[in-house]
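A.B. asks: Right, I'll just put the structure down here and ask away after.
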Amino acid sequence: MVEFLASVIGALAAGALAKAGDVGGRAVADAYDGLRTLIVRKLGKEGAVQSVEDEPRSEAAQTALAETLTKAGLSADTELAQQAEALCAAVAGAAGARGADIEAGNITAKVNVLVTNLVSSGRIKLGDIRAETGDATLNNLTAGAGAPKKA
């Protein structure tokens, strides 16, 4: 449940940052809008989503959205998972198409931190990764020569 919420909220935050920075163009914007719209439709309100959109790096905003999704019974919704995965793929594709590096600032969470499936043809640079309780987990990070190249 925690990993699911982390992946959905992480995708939303990454999409908000990418969209605000005009990274990835229409594909990222469409995937982000799709996830955002789906969450708002399923929740019936948009306050917590708007908070993450306004401040994607805000721990408080992300925690509030996680609590709202949990209270609404959406902590394992397959439709949300699919849309979050599509957004992550669009963001990763945009970075890979440009041969860009991946650089993430400090990542802090109240419970667990999960960073997974980062692929870069350049380098991956992460800031401090902290979970106040629980685990900080990194999985499947590929950078440089080992990263798949687009034809």
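Values in this text are rule-based calculations from the coordinates and carry no lab data. This one's a predicted model, so the numbers in the text were calculated from it and none came from an experiment. Cβ coordinates were reconstructed from backbone atoms using ideal geometry, including for glycine residues, and neighbour counts include every protein chain displayed.
A.B. asks: Any idea what angle helix 59-71 forms with the longest principal axis of the chain, computed on alpha-carbon atoms, 0 to 90 degrees, nearest 10?
C.D. replies: 60
A.B. asks: Residue farthest toward the positive end of the dipole of the chain, with Cβ of Lys/Arg at +1 and Asp/Glu at -1: which of Ile107, Leu126, Gly73?
C.D. replies: Farthest towards the positive pole: Leu126.
A.B. asks: Taking the Cα-to-Cβ direction at Thr137 and at Glu103 and moving 7 Å from each Cα, how far apart do the two end points lie in nm?
C.D. replies: 2.9
A.B. asks: Relative to the first principal axis of the alpha-carbon coordinates of the chain, what is the inclination of helix 78-97, with its axis defined by its Cα atoms, in degrees from 0 to 90 and to the nearest 10?
C.D. replies: 30
A.B. asks: Would you mind counting up the charge near Ser7? Only other residues with Cβ under 12 Å from its Cβ, with Lys and Arg at +1 and Asp and Glu at -1.
C.D. replies: Value of the local net charge: -3.
A.B. asks: Follow-up question, since we're still on this one. Just flag the trypsin sites (Lys or Arg not before Pro) in the range 39-135 sitting in loop per DSSP whose Cβ has no more than 16 other Cβ atoms within 10 Å.
C.D. replies: Lys45, Arg57, Arg98, Lys110, Arg123
A.B. asks: List nothing, just return the count: lysine pairs in the chain, 8 or more apart or interchain, with Cα separation under 21 Å.
C.D. replies: The result is 5.
A.B. asks: If you line up the long axis of helix 2-20 against the longest principal axis of the chain, both from Cα atoms, how many degrees apart are they, to the nearest 10?
C.D. replies: 70
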